[in-house]
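Chemist: Sharing a structure with you now.
The values are calculated or read from the model by the stated rules, or taken from the named source; none is laboratory data. None of these values were measured; they are calculated from a predicted model. Here Cβ is always computed from backbone atoms with ideal geometry, including for glycine, and neighbour counts include all displayed protein chains. Ligands, DNA and RNA are excluded from the accessible area calculation, which covers all protein heavy atoms including side chains. Shrake-Rupley method; radii C 1.70, N 1.55, O 1.52, S 1.80 Å.
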Amino acid sequence: MRARRPARLRRRDAFYRAVQRLRLERIAEGSLAPRLAREHYFLWTLRSRGRADYADFILPSLLFLAEFELDRPDRQVEAPASADPPASALAAP
């Protein structure tokens, strides 16, 4: 009997695990800056302990995609407008 090829979801999960592993390796070597809170914590752990277990910082694919989507710059929520009027409105004519 021939071995079955992995299901599409398993291949996708393996792909996102590999992407995260590559990002963490590049952060560890210093060629990539941490972008997500989890990556900052990885770098902090690496610096403070001298080593870090990569598996502890790799998320399942759906959580990784959700975290990455929330961190997109175009999705950042802008701060609400200040209640104070602008300085130009207070200037005397």
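Chemist: I need the full set of residues from segment 1-36 which are among the small types (Gly, Ala, Ser) and at pLDDT 90 or above, in order please.
Modeler: Within segment 1-36, Ala14, Ala18, Ala28, Gly30, Ser31, Ala33 meet the criteria.
Chemist: Could you tell me how many of the residues in segment 32-52 are out of contact with any Asp or Glu (no Cβ under 9 Å at 6 or more places or on another chain) and either more than 21 Å from Pro73 (Cβ to Cβ) or assigned to a helix (DSSP H, G or I) (or both)?
Modeler: 12
Chemist: Under 6 Å by Cβ, and 6 or more places apart or on different chains, what pairs join a residue from segment 32-52 that is closer than 15 Å to Arg21 by Cβ and open to solvent by less than 90 Å² (accessible area, probe 1.4 Å) with one that is outside any helix (DSSP H, G or I) and aliphatic (A, V, I, L, M)?
Modeler: Correct list of pairs: Phe42/Ala52; Leu46/Ala52.
Chemist: Another question, if that's okay. Scanning for something of a type in the set (D, E, K, R), touching a Pro at 6+ places or on another chain (Cβ under 8 Å) and either surrounded by fewer than 16 Cβ atoms within 10 Å (Cβ to Cβ) or in a helix (DSSP H, G or I) (or both), does segment 53-68 turn up at least one residue?
Modeler: No - not one qualifying residue is present in segment 53-68.
Chemist: Which one is least open to solvent (accessible area, probe 1.4 Å) among residues in segment 1-31 that are within 15 Å of Ala52 (Cα to Cα) and among the charged types (D, E, K, R)?
Modeler: The selected residue is Arg23.
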